[in-house]
Structures are given as structure tokens and as C-alpha cells.
Amino acid sequence: MLKATAGKTLPATIIGSLPRPSWYTENLGTKSFLDAMVISRFREQYVDALSVYLRDQEVAGLDICTDGDCRFDQDIGGQSWTSYPPHHMSGFETDHPKLARAGAGGIGFPRGHILHDYLEARVMPKIIGPVGRGEMQYAEIWKAAQRLTDRPVKFGTVTPELVAFAVGDEHYTDIRSRIMAISDAFNEELHDLADAGCPVIQMEEPQIHLLAARGIVDDVINPEFMLKVFNNTVRGLRDKTEVWCHTCWGNPSQQRMFAEVQSYKPALEILNQVDADVITFETKSSGTADLEAIGEQITDMKVGIGVIDHHTLQIESPQEVADLAREALKHVPPERLILCSDCGMGREGMSRRHASYKMVSLVLGANIVREELGLPTAECMAADPKYSLIRGA
């Protein structure tokens, strides 16, 4: 069900995370969100950080906002993206010691590589009983952000299979059972979020394209099974809200997970079957070679095209953004095209100012193309010359 993008042509947004303010020193840890919001210092810092994230997006002129993944801790490589669910769901151990678990989709990094730290920091609880939604409290987390802005706030979450790959298991007898149990728990939690009024639920990083690109097609774990997992996780949600499927190639500490640029082409036929309203692709950092195939294979969903690189501190010019958008429009009609960042910008590698100006360039580039198409442009207060501190600018 289209809600946030209904009636909007060429809307602009970011995928999710934003860099933490230096003064945001409180961490949620293993506390439930509602328990943490009882603590005055946490609540003050959390709400202030939310306000900063949302206002930066409003000043840039984005159409759809995110909460910047404000709930996540200040950790190595943005590890909380994966660890938040197992630390707040039921069925997982709550006592120490816990073990560092690689769980990076079978990708290893040697000591001396920055992403080895990321693997060492993946300290996860193990499953010791039936998995349930526990105290994920996604609806309450979304409400805390949405009540601070009148623009739609998109809520993103890691997918169940990535959680399943990262944790130990003393309860389920096989990996498929573990994944589906977590998927069922996620579905219950996401329905609670949708029922609360969340206008966009974004599922982040289904393993369909990653398995296809790496040629993993065994009888247990394969792209077809991951399609089943995705559709089970979002089962019934599109009757209530707008569902996005976000695909990328990884960005812990703003690093590439692959030495070479990967292609979506092996997975597009299956990705076209995900039960979503919008599907996003990296096309700034990964190049535009797949755009023609994306346009041919993704036939019904709206398509989010990454026009901002989350790996680099170089700020894209508005003209670069416009050029990439024009290229995408050769293959995807404007009523089905969304402009976004390739991935999140807050996983330990970028300053707030860099992220802010990347959002500004995203909107200014979108406005160039909107004008060419005769569409309304977005107000971008950050680029309004009358607010410059330089007199006569």
C-alpha cells in the first residue's frame, strides 16, 4: 500500500542511518527502549539526537525522513544494526559470557584489516529457547521520531536471516528452522509497527542478491529460499503500509565488503518477486551498469536509485546527482523512480556535516531534474542564499 510515496513523483530520501552527534554518549545497550526512556539523561540525549536528525533532513528538503537509526549504540562498524534484535527478542540468552561470532555472510577479513575489528565486535547471544518478538518495541521507537516531524518517517530493520547467521543456536535443529522462527517473530513485531501508523517499513539487506552474486545455490541456503523468508517476514504488511526492500553490498565502517563491484543481474528475476512496494539499488558507488537490466526486470515496484555514495566523504555535486537520475529515467519511468542514498551514512565512518551536505546535494540534484520534467521542486533551506552568513553572497 503506497502511503509515503503515493502521488509523489521523483521523491528524495536517504536509506537510514546518520552519524551520531558527538554529545550523544548514552547507549541503549540491552535495555528495552521504554525502560531506557525512563532514564532522564538517555531520554534527553535520545530526543535531542532525533530532533537533529529530522531537522537536518527537513532543512535539506527530503520528502521522506528516517530516525537516523537513533536507537543503535556507538559501536564498531554500526554493529547494533545486527545485534539490536537478538539483544531484545525472547529466546536468547541474557547472561555472559557471550562469544564473538563472525556471521558476515561467510566473508572473512584477516587481522590487520579494518573489518576484522568489525568481526571481533560481533558479540552475540545464542538462542536457548523458542524465539519471540520480546521487547523490540519498534512501534514505540518509530512514534518517538514521527511525533517530531510532519514528514513521513521511514523505519528500517535488518532482515531475519542476517540475525540468524550471526548467532549461535542451542534450540533449533537446522538453519532454515532458525531463520523462519525469527522471520515469524519479526512479522508479528512489524504488524504492531504498521498498526501504530508507520508509513514505510524498510527491510534492509535480504540475502537474495548477495547469494546470487556469490553463486551460493545449495539445497539449504539459496536465493529462492531467501525470497520465501522475505515474503514471510512482510506477510500481510502491504495491506496496512508501504514496504521497501533495500539491497546493498554492505557498509560497516563505511567500507566495501567486496574487492570488486558486484552485479545485481543474477538476482533481478527473483528480486522482482519480493512482496514490496519499493526496491532500492546501489547505483552511485556500484555504477550504473545494471540500470538497463533493473528497468527491464523490476516491472511493478517503484525503484529507488542510489545517487549518493555512502562510502566516500566527497560530496556529490547536484549535477552529478542529476546526471545519474537522468540515466535512470532512461530505464525507469519518473512515476516509479525514487532518488536516495546508496545506503546509510552513519555506520562509524562519516561526520554529521558530510552527511548533511550529501543530503543537500541529493535534493538540489533532484530539483534540477524535477524542473526539467515540469515537476514541483522541494524547498532546500540549506541552499537558500538569503541565509548565508557572508554578506552580499
### Subset of segment 91-105 (residues that are part of a loop (DSSP other than H, G, I, E, B) and either at pLDDT 85 or above or in contact with a Cys (Cβ under 6 Å, 6 or more places away or on another chain) (or both))
Glu93, Thr94
### Task
Search segment 195-211 for residues being buried (at least 24 other Cβ atoms within 10 Å of the Cβ) and assigned to a helix (DSSP H, G or I), and hand back the single one that is farthest from the chain's Cα centre (by Cα).
Leu211
### Query
So which of Gly61, Gly68, Gly29 is surrounded by fewer than 20 Cβ atoms within 10 Å (Cβ to Cβ) and either farther than 28 Å from Arg122 by Cβ or of a type outside the set (S, T, N, Q) (or both)?
Gly29
### Message
For segment 216-236, check the following and say yes or no: at least one residue is within 21 Å of Thr5 (Cβ to Cβ), among the hydrophobic types (A, V, I, L, M, F, W, C) and outside any helix (DSSP H, G or I).
### Response
yes
### Task
Please find, within segment 144-193, the residue that is farthest from Cys248 (Cα to Cα) out of those that are surrounded by fewer than 20 Cβ atoms within 10 Å (Cβ to Cβ), of a type in the set (Lys, Arg) and in contact with a helix residue (DSSP H, G or I) (Cβ under 8 Å, 6 or more places away or on another chain).
Arg151
### Total residues in segment 122-143, condition within 17 Å of Ala49 (Cβ to Cβ) and surrounded by fewer than 20 Cβ atoms within 10 Å (Cβ to Cβ)
2
### Query
Quick check: anything in segment 278-293 over 30 Å from Arg353 (Cα atoms) and of a type in the set (Ser, Thr, Tyr)?
no
### Task
Answer yes if at least one residue in segment 158-167 is under 30 Å from Glu269 (Cβ atoms) and small (Gly, Ala, Ser), and no otherwise.
yes
### Query
When you go through Glu242, Glu296 one by one, which is the residue that is surrounded by fewer than 16 Cβ atoms within 10 Å (Cβ to Cβ) and either touching a residue at least 12 places away in the same chain (Cβ under 8 Å) or polar (S, T, N, Q) (or both)?
Glu296
### Task
Please state which of the following conditions Thr5 fails to meet, knowing it meets all the rest: (1) surrounded by 20 or more Cβ atoms within 10 Å (Cβ to Cβ); (2) modelled with pLDDT under 95; (3) among the polar types (S, T, N, Q); (4) over 28 Å from His171 (Cα atoms).
(2)
### Message
Can you say whether Leu34 is surrounded by fewer than 20 Cβ atoms within 10 Å (Cβ to Cβ), touching an Asp or Glu at 6+ places or on another chain (Cβ under 8 Å) and under 21 Å from Gln202 (Cα atoms), as far as the supplied structure shows?
### Response
no
### Task
Starting from segment 45-74, take each residue that is farther than 13 Å from Ile15 by Cα and at pLDDT 95 or above and list its partners that are of a type in the set (Phe, Trp, Tyr) and surrounded by fewer than 21 Cβ atoms within 10 Å (Cβ to Cβ), counting only C-beta distances under 7 angstrom and pairs at least six apart or across chains.
Gln45/Tyr24; Ala49/Tyr24; Arg71/Phe33
### Query
Got at least one residue in segment 365-384 being over 23 Å from Leu2 (Cβ atoms), among the polar types (S, T, N, Q) and crowded, with 18+ Cβ neighbours inside 10 Å?
no
### Query
Before we move on, is Val158 under 17 Å from the mean Cα position of the chain (by Cα) and more than 18 Å from Thr233 (Cβ to Cβ)?
no
### Message
Restricting to segment 242-263, and then to whatever is touching a Leu at 6+ places or on another chain (Cβ under 8 Å) and either of a type in the set (Lys, Arg) or modelled with pLDDT of 95 or more (or both), can you tell me which residue is nearest to Leu211 (Cα to Cα)?
### Response
Thr247
### Summary
Of the residues in segment 254-269, those that are closer than 21 Å to Pro110 by Cβ and part of a helix (DSSP H, G or I) number 1
### Task
Tell me, please, whether a residue that is in contact (Cβ under 8 Å) with a residue 60 or more places away in the chain and assigned to a loop (DSSP other than H, G, I, E, B) can be found in segment 170-178.
yes
#### Entry: Selection within segment 106-145 - in a helix (DSSP H, G or I) and under 30 Å from Leu34 (Cβ atoms)
Tyr118, Tyr138, Ala139, Glu140, Ile141, Trp142, Lys143, Ala144, Ala145
#### Entry: Pro110 vs. criteria within 30 Å of Ala259 (Cβ to Cβ) and either at pLDDT 95 or above or touching a Pro at 6+ places or on another chain (Cβ under 6 Å) (or both)
no
### Query
Looking at segment 35-69, which of its residues are among the hydrophobic types (A, V, I, L, M, F, W, C) and closer than 15 Å to Cys340 by Cβ?
Ala60, Leu62, Ile64, Cys65
### Task
Starting from residues that are over 16 Å from Gly156 (Cβ atoms) and within 19 Å of the chain's Cα centre (by Cα), keep the ones in segment 212-231 and report whichever is surrounded by the fewest Cβ atoms within 10 Å (Cβ to Cβ).
Asn231
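The values are calculated or read from the model by the stated rules, or taken from the named source; none is laboratory data. Here the structure is a predicted model, which is why all the values come from computation and not from measurement. Glycine also receives a Cβ, built like all others from the backbone with ideal geometry; neighbour counts cover every protein chain displayed.
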